[in-house]
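Report on the structure given below.
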Amino acid sequence: MKLLETGRLTARFPLRLFIGLFLTAHAMTSLAGDDAPGPAWRQSVPRISREAYVETLRFWASRHPQILELKTVGHSLEGEPLSLLVVTDQSVPDDDKQICFITSLHGGPERTGTSTILHLAEWLLSDQAEAVETRRRQVVLLMPIVNPHAYFETDRFGNSLGIDPYTGGGVANWDLTKMAFKHPEKAPELMAVLSVMDAYQPDVHADLHGIGLQEYPSEKLGDRTLYSGQTMFEVTGSAYSNHTLRPWDWRITEAMVSAGVAAGYGSDRFEADAQRLLWGSNLTQASQQLWLGHSNFYTAQYGYHNFHTMIMALEIGWEASGVARLRGLLRVGNQVWPGESHRGYPVDRVKSFIGHFVTATGETASNRRASRIELWQKQSRFTQAVLYPQTDGRDTYIVATTPEAAECIAESPTDLLSNIRNLPEFDSEALGQFIDAGPEIKVVIQPGHVKGSADVSRLKNGIGFRLRLPYQQVTALEVFLNGQLLTADSEVHYSTWGGSGFTELQIDVPPDQLDARGLYFVTCKYQGEQPREHGWRPPQEVVKRLNRH
Ligand SMILES: [Zn+2]
C-alpha cells in the first residue's frame, strides 16, 4: 500500500482529523519527535483506543453505505459489542459471490492482526480497480477485534475467563464428534466467530496474527505502546503450533507468498524452510528430527469441518505485508483457479478416489456452496469404486451416496451387473456392453463409513462428478450416466476443458435428476490426442545379438 510505504503514520489515515482519535496523548508526543534523529525504535506506535475504533467503524459505515454494512455479532463477557464489517458491492446480487472471512483471533494482544484488517478495510473501501472488482465478486467479512478485553485492557491472549478465541483453550473444550464448543457461556467472543461462520458458511477464512505485548510481563508493559520497529518473522499459510491449520492447496499459500514478495516482503515457509518432515503421533520417538508443530484443533477448523472452508493463518510483522498477502488471496477468489472452469476459490471437491472427485454442483457460487456443504457433511457415507486396472481410452467412476445403493456395488463385474439388472433407472444392457468391451478384471471399492453421525437423508442440492482424462485433448468422447448416453439435450450436463495437463470432465446432476436410490455410474470412452506407448524395448543391437545366438 502506497500510504504505508512512506512509513509515516500521518499518511496512514485519509483524514488528519482521525489521526487524533487513533492516538493516545503519549503517541502524539512521540510522533511530534518524528523529525528528531535517532533509532526508529525510540518512537512508539500509536495505540488504537476503544473510542477511536468504534468511531472509525461508524465513520466508514456512514461514508460507504453502498459497500459496507456494520453488524454486531455478539458481545464480550464485559458486554462490549463485537463488530463485523460486511464489505461488498450491494448493487450486485450476492448469488454469485465468493465469501471470504478475515479475523484476528489473537486480536487481542497481537495488534498487527487487527491493524492489518483496518488497513485492508481502507483498501477494500477505496476506488482502486482491484478493490472495486473484489467488492463485485466477493463478500468480504472483517472482524478486526474479536477479544476487546484483551485488546484494550490486558494484552493477554484469553478473555477475562482465560479462554483464548484462537484455540478455544485446548481440544478438551471442543466436542469434535458434534463439532461444538463445550462452554459457550465462558467464551461469547469465540461463539460470535462461530456464529459468523454458521451464518455465512465462508469459502475461505484467513486468520491474522502478529506482534504485540503478549510476552511482556505486567511490570514491563509501561504505557502499553509498541515501539516502532518491533517486528517478527512473517509466516504465510500455516501456524507453527498446528500444522493442520493451513490451506489444503499449497498453491494458495504460494500465491499469497508471491504477492508479499512483489510488495517487498518475504515469508517463512515453516517446515519447508526448516527442511524437516512433519511430525505424527507414531513418530514421537524420532521427533527430535521432525518439524515439531503438532496437528491440533483450533477455532478456525470449525469452518473446515462444518463447511469445507479453506483455512489459513498468517504472522504479520508489517501491516503493508499483511495487506499485500491478503490481496494475493482475494485475487485468487476473483479469478479462475487452474483446472477449474468458473471463478472462485478451489473449495468444491468433497471426496476423492484415485483422481476422481465428488464435487459441488450448481450454476452460481451460492448454489455450489449449498451443494458443497450438504455433500461435505454426508460424504463420509459415500462408497466409491472404479473398474480396475485403469485403462487408456476408458474411465469409470461409481458413487453410492446411500448404504442401500452401496449394496449394489460388487467386486466382480458380473455380480455388479446382476445387481443392477432390474433397476429401472439403469440401462443395464448398455452398461454391460461397456464392461464387456474392456480389459478390466474387477471393480475396486472404497466403502463409505456406514456407522457414524452423518445424515443419511437424500441429497437436495444435486451432485457433481469430476474425472480427469489423461490427455490435454480428447476426441470421440462419449459420456454415460447409469448407462445412458449424455447428449446436449440431456437433463444431466457434462462439460470438458483442458489446460491442466488433463481433459477435465465434469458431470453435473441437478437436484431434479438425483437418483432415488443414490447410485451413480459414470462411464466414458475417448480417444487421446496422440498415440502413446507403454513399456520399454531393448536396443536394436541387443535384439540382433540375441537373435544370432
Ligand atoms: Zn497468534
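Note on region 300-341: among residues that are β-branched (Val, Ile, Thr) and out of contact with any Pro (no Cβ under 6 Å at 6 or more places or on another chain), the one that is surrounded by the fewest Cβ atoms within 10 Å (Cβ to Cβ) is VAL336. Annotation for region 293-303: no member residue is over 22 Å from GLY108 (Cβ atoms) and touching a helix residue (DSSP H, G or I) at 6+ places or on another chain (Cβ under 6 Å).
In region 85-98 there is no residue matching the filter, namely being touching a residue at least 60 places away in the same chain (Cβ under 8 Å), open to solvent by less than 60 Å² (accessible area, probe 1.4 Å) and hydrophobic (A, V, I, L, M, F, W, C).
Filtered by the rule that a residue be more than 22 Å from ARG246 (Cα to Cα), in contact (Cβ under 8 Å) with a residue 40 or more places away in the chain and part of a loop (DSSP other than H, G, I, E, B), region 188-220 gives LEU213, GLN214, TYR216. Of all residues in region 140-167, those that are assigned to a helix (DSSP H, G or I) and within 16 Å of the ligand (Cβ to nearest atom) have Cβ atoms under 6 Å from Cβ atoms of residues that are open to solvent by less than 10 Å² (accessible area, probe 1.4 Å) and not small (Gly, Ala, Ser), 6 or more apart or on another chain, in ALA150/PRO109; TYR151/ILE145. Among the residues of region 221-272, the ones that are among the aromatic types (Phe, Trp, Tyr), part of a loop (DSSP other than H, G, I, E, B) and over 14 Å from GLU319 (Cα atoms) come to 2 in all.
Where helices (runs of 4 or more DSSP H) sit wholly within region 386-456, those with at least 3 residues that are closer than 23 Å to LEU469 by Cα occupy 428-437.
Which pairs have Cβ atoms under 6 Å, sit 6 or more apart or on different chains, and link a residue in region 237-263 that is touching a residue at least 40 places away in the same chain (Cβ under 8 Å) and under 16 Å from CYS100 (Cα atoms) to one that is assigned to a helix (DSSP H, G or I) and within 16 Å of the ligand (Cβ to nearest atom)? Listed by first residue and then by second, the contacts come to MET256/ARG325. For the residues GLY222, GLY229, the requirement of being more than 16 Å from ARG327 (Cα to Cα), touching a helix residue (DSSP H, G or I) at 6+ places or on another chain (Cβ under 6 Å) and open to solvent by 40 Å² or more (accessible area, probe 1.4 Å) singles out GLY229. Taking region 74-107 as the range and being farther than 16 Å from VAL204 by Cα and either within 16 Å of the ligand (Cβ to nearest atom) or in contact with a Gly (Cβ under 6 Å, 6 or more places away or on another chain) (or both) as the test, the residues that pass are LEU82, HIS106, GLY107.
The listed residues are SER500, SER495, SER490, and the only one of them that is among the hydroxyl-bearing types (Ser, Thr, Tyr), out of contact with any Phe, Trp or Tyr (no Cβ under 9 Å at 6 or more places or on another chain) and not in a loop (DSSP other than H, G, I, E, B) turns out to be SER495.
The values are calculated or read from the model by the stated rules, or taken from the named source; none is laboratory data. From a predicted model like this one, the values you see are computed outputs, not experimental measurements. Note: ideal-geometry Cβ built from the backbone for every residue, glycine included; neighbour counts use all protein chains shown. Areas reflect the complete protein model, heavy atoms only, side chains present, ligands, DNA and RNA absent. Shrake-Rupley method; radii C 1.70, N 1.55, O 1.52, S 1.80 Å.
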